[in-house]
Protein chains: 2
Amino acid sequence: MTQPLVISIDAMGGDHGPSVVIPAVVRAAQALPADVRFLLHGDEPTLTPALARHAALRPRVEVRHAERVVAMDEKPAQALRRGKGTSMWNAVETVRESEAAAAVSAGNTGALMAISRLVLRMIPGVERPALVTNIPTPRGITTFLDVGANIDCDAARLVEFAIMGEAYHRAAHGAAKPTVGLLNVGAEDMKGHEEVREANRILREGKIDLNYHGFVEGDDITGGAVDVIVTDGFTGNVALKAMEGAAKFMSAELRGALTGGLMPTLGAVLARPALLKFRERISPPPAAPFLGLNGIVLKSHGGASARDFAQAIQLAVDLARSGFSAEIERNMRRLPDALAEPASGTTGDSPEAAGQTPAQGATE
Amino acid sequence: MTQPLVISIDAMGGDHGPSVVIPAVVRAAQALPADVRFLLHGDEPTLTPALARHAALRPRVEVRHAERVVAMDEKPAQALRRGKGTSMWNAVETVRESEAAAAVSAGNTGALMAISRLVLRMIPGVERPALVTNIPTPRGITTFLDVGANIDCDAARLVEFAIMGEAYHRAAHGAAKPTVGLLNVGAEDMKGHEEVREANRILREGKIDLNYHGFVEGDDITGGAVDVIVTDGFTGNVALKAMEGAAKFMSAELRGALTGGLMPTLGAVLARPALLKFRERISPPPAAPFLGLNGIVLKSHGGASARDFAQAIQLAVDLARSGFSAEIERNMRRLPDALAEPASGTTGDSPEAAGQTPAQGATE
């Protein structure tokens, strides 16, 4: 038997709003146990009639009217000032009030992060939330963070991401002792810029309870070399979008190749179920949770389909039922100690550091 | 009629050495006009017998004996000290001596860059070479740099890459006025870290003769939004490898999907020529030229096949026949002026800069 659970949903967020969110809730409800319930925040006169068609859902859904909606292009600062009473704000607030175990929104990412940070606050020791994503690999799933929330990251922040990403991976994917890698331009200790080299040193020291593997490279993200890959938000965002772009390009090229002429087209028809399975395997993940908050908030992408958004809801349930927030807190308590040690490499004047050229490239 | 042209080749470089290089030269010779000739540097007792089987090649090839070879794992500093007389060094040296119009090697990247920099020196105003690559897009080819040579890049270096990448793209792909984009985590001026925002400001001012488009994002690399995409060597290396990894993963998944069962397999057989064309379209580029040197040096990847290496040789010929080095020099002369201007945003205390949160994320 599972515990009853409530998931709060921003029904107005995303490019499509309720026209995607309602079918998504219907799908998720079918897949999830009956004791999972849903709080839908948004325009009641829109939501209630839309729900009326789904009788089976009625006992499991409650609509909470929200007057306003955060616009997709609203600046985070503006969303903070004017956000109170929006469907997004109310969804996050129910998590703080323990009415809901998690909140899901496909709305404005920056606004969702800013509101979540203000309303829920950060876990002690964590400075800002990190955005995490799941990448399919031949071995399973790689947890990849930060994918865009933190542009400038020092070594301490990278170590923070390692701690949070590892706990998240364990919670979301059930690995007992996930391996962690730090993204760099080469595997040797002298490679990369100062921040990654210093984070590598801290993680190697072993003061934080992590199964640390060392440096990994860009092709390891989909290669499955480690379970968790850590990088700054600039690199992570670019890498994630670059991979999404490459996948999109390849799919378009494949479609083009398989419709040019009779034989290829016939081949494509015969292989259709296999090609659909292929597309599903390589499709981008349905949602990215914010890590480091006192509460669970998931961001589904703005253009999410009902299927994507339903998967985001299911992921919210999985996270809510796991103890990953507690694990992050436990390991974060070791961070100050790991950073405060008379770190021989920190100042760059140690014997090892002195022998290194600063900022060695991928090519040296 | 084309001018006679000599290409110098490091015949010992790469994971496979002469066993790939010789067949590559045979291929390239067939595809190129008869007035293109080849200088092969390496172990004469190995090379001459291997060439004996290719009678048609004899009048177009000269072997230059080199006692030694730069090891694939040799440190650049070591390669500089001990490099003289290696096949790689000799190949680059013939470019300085104007015996050859370009050098091609599949050897150790860091060593090749260090040797090229020492032997050929940089174009006035350029600090270090940049590594450039060609990415296929639905619209054609995107020139992408730096993909790993320069890890820490300030705004001036990014502007330098823009100048060199634009000239390269024109030379290699014949576009009259290529568009240039700066890689970032969002399109708005306030996005990204200080270096990209400052480079954006300099390029926007228009003091350098470039068709500057503004910020682009990771998915634009394969999207074809602009002709040239500029980033620092850390981000570029990670993004390139991430895309290669994604492409490899997708190919493996596709192969798996199309061999699982009778119908998919039959479909794959019928679609085979189309699938091969697809693979060719998405395959990684055969070579990355170093930009900013007084001379043309191309790095083919270490695991290059004979076909890849032959394409690298053909690219060397294209570059040698274009005037891109002169164009880089011309625009580099404008760089000091563009940087020296009382740049209002440089110090971060201007009215506009003061209103901005530093280092805004992708999500704000």
Projected area averaged over all directions for the convex hull of the alpha carbon atoms of chain A, nm², comes out at 21.0
Toy charge model, Lys and Arg Cβ at +1, Asp and Glu Cβ at -1: chain B dipole around Cα centroid in debye, rounded to 20, equals 1540
Ranking A:8, A:19 from most to least accessible area with a 1.4 Å probe gives A:19, A:8
With +1 on the Cβ of every Lys and Arg and -1 on the Cβ of every Asp and Glu, the dipole magnitude of the protein assembly as shown about its Cα centre, in debye rounded to the nearest 20, is 2260
Percent antiparallel among DSSP beta bridges confined to the protein assembly as shown, rounded to 5, stands at 30
Computed over chain B: longest principal axis from alpha-carbon atoms vs helix B:194-205 long axis, angle to nearest 10 degrees, is 90
quick shape note, segment B:202-277: Cα extents on principal axes in Å, largest first -> 62, 23, 14
Mean other chain Cβ within 10 Å across A:256-266 is 5
For chain B, the longest principal axis of the Cα atoms and the Cα long axis of helix B:272-282 enclose an angle in degrees, to the nearest 10, of 50
If N is the residue count of the protein assembly as shown, its Cα Rg over 2.2 N^0.38 Å rounds to 1.02
Simple SL model, points at 7 angstrom along Cα→Cβ for residue B:177 and residue A:52; separation in nm is 5.9
Hull volume per residue for segment B:54-121, using the convex hull of the C-alpha atoms, in Å³ is 96
On the accessible surface of segment A:93-185, probed at 1.4 Å with all protein chains in place, carbon and sulfur together account for a percent value of 48
Mean other chain Cβ within 10 Å across B:69-81 is 1
Counting only DSSP beta bridges with both partners in chain B, the antiparallel fraction in percent, to the nearest 5, comes to 30
The answer for the per residue Cα convex hull volume of segment B:22-93, in Å³, is 98
From most to least accessible, 1.4 Å probe, no ligand or DNA/RNA atoms counted, B:53, B:307 line up as B:53, B:307
Across all Cα atoms of segment B:86-229, Rg and the largest Cα-Cα distance (Dmax), in Å, are 16.2, 50
Cα-based Debye curve of segment A:116-188 sampled at q = 0.16, 0.17, 0.18 Å⁻¹ gives log₁₀ I(q)/I(0) of -0.64, -0.71, -0.80
Projected onto the charge dipole of the protein assembly as shown (unit charges on the beta-carbon of Lys, Arg, Asp and Glu, signs +1, +1, -1, -1), the Cα from A:167, A:186, A:51 with the largest positive-side position is that of A:51
Set B:84/B:299; A:191/B:299; B:75/B:299; A:299/B:241; B:177/B:207; A:75/B:207, cut-off 25 Å on Cα-Cα distance; pairs above it are A:299/B:241; A:75/B:207
The value for segment A:1-160 (convex hull of the alpha-carbon atoms, volume per residue, Å³) is 155
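The values are calculated or read from the model by the stated rules, or taken from the named source; none is laboratory data. Predicted model, so just to flag it, every value in this text is computed and none were measured. Glycine also receives a Cβ, built like all others from the backbone with ideal geometry; neighbour counts cover every protein chain displayed. Ligands, DNA and RNA are stripped out before the accessible areas are found, and what is left, the full protein with its side chains, is counted by its heavy atoms. Shrake-Rupley method; radii C 1.70, N 1.55, O 1.52, S 1.80 Å.
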